[in-house]
Amino acid sequence: MLDAIENVGLDDVAFRSRDYVIAVDEESGDRAGFGRLRIHKADGDEAIELTGIGVLPEWRGTGVGAHVVERLVDTAAAEEFDHVYVLTDQPTYLTQFGFERVDDDALPASLADRRPEKRETLDGEITPLRLSTDGFEMPAGLREAFKHAEAGTGDDAEETTESPEDFGIDPETATYKYDTGR
């Protein structure tokens, strides 16, 4: 998964697999897309950011990204966040779901502090967006596209295999999945 994140050019800061939503092809088990929720805390303020949203090249245009965004917003709502934020260099994609631009002075402090880091990572202008967790709308065309999604056959397709190290597991020292150390 880390290779796929790197290939798509997304940030992998503080990678924790449990923070991710992963879209998987039901027939082949191949990864199609992913996104991450990242909770920020500063000065008693708590905000949740959607980050690392990406779709592998062979799955683009199939509604996979919209499905990932929908699951991330649903998860944030289930965790009782009223709003989700995104710091992005591609705001047009997210505005189709109801995300709206946020002025810098209206950003939670933890996200305002993250903007310079994100700008450096993405090498460009970063637009802060916000969405009420009950305001997400999946465009009908994207929902329909996702129902019939299939991987493309372009030259961008490449085989990736995850290893235990991709998920922070050292196979030399790990004993079993639920080892409590007792």
Query raised in the report: Which cross-chain or sequence-distant (5 or more) residues have an amide H under 5 Å from the amide H of residue 88, H modelled 1.01 Å from N in plane?
Result: 127, 129
Requested in this report: With label points built 7 Å along Cα→Cβ from the Cα atoms of residue 74 and residue 172, find their separation and express it in nm.
Outcome: 4.1 nm
**Report entry** Estimated inter-spin distance, residue 117 and residue 41, nm [label 7 Å along Cα→Cβ]
**Finding:** 1.5 nm
**Report entry** Cα-based shape type of the stretch 19-73, given that a ≥ b ≥ c are square roots of the gyration tensor eigenvalues and the cut on a/c is 1.5
**Finding:** prolate
Requested in this report: Send over the Kirkwood Rh of the stretch 85-142, from the inverse of the averaged 1/r over different Cα pairs, rounded to one decimal Å.
Outcome: 12.1 Å
**Report entry** For the stretch 2-148, diffusion coefficient by Stokes-Einstein and Kirkwood Rh (Cα), 4 °C, 1.567 mPa s, µm²/s
**Finding:** 83 µm²/s
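Coordinate-derived values only; no laboratory data. For clarity, every value in this text was computed on a predicted model and none was experimentally measured. Here Cβ is always computed from backbone atoms with ideal geometry, including for glycine, and neighbour counts include all displayed protein chains.
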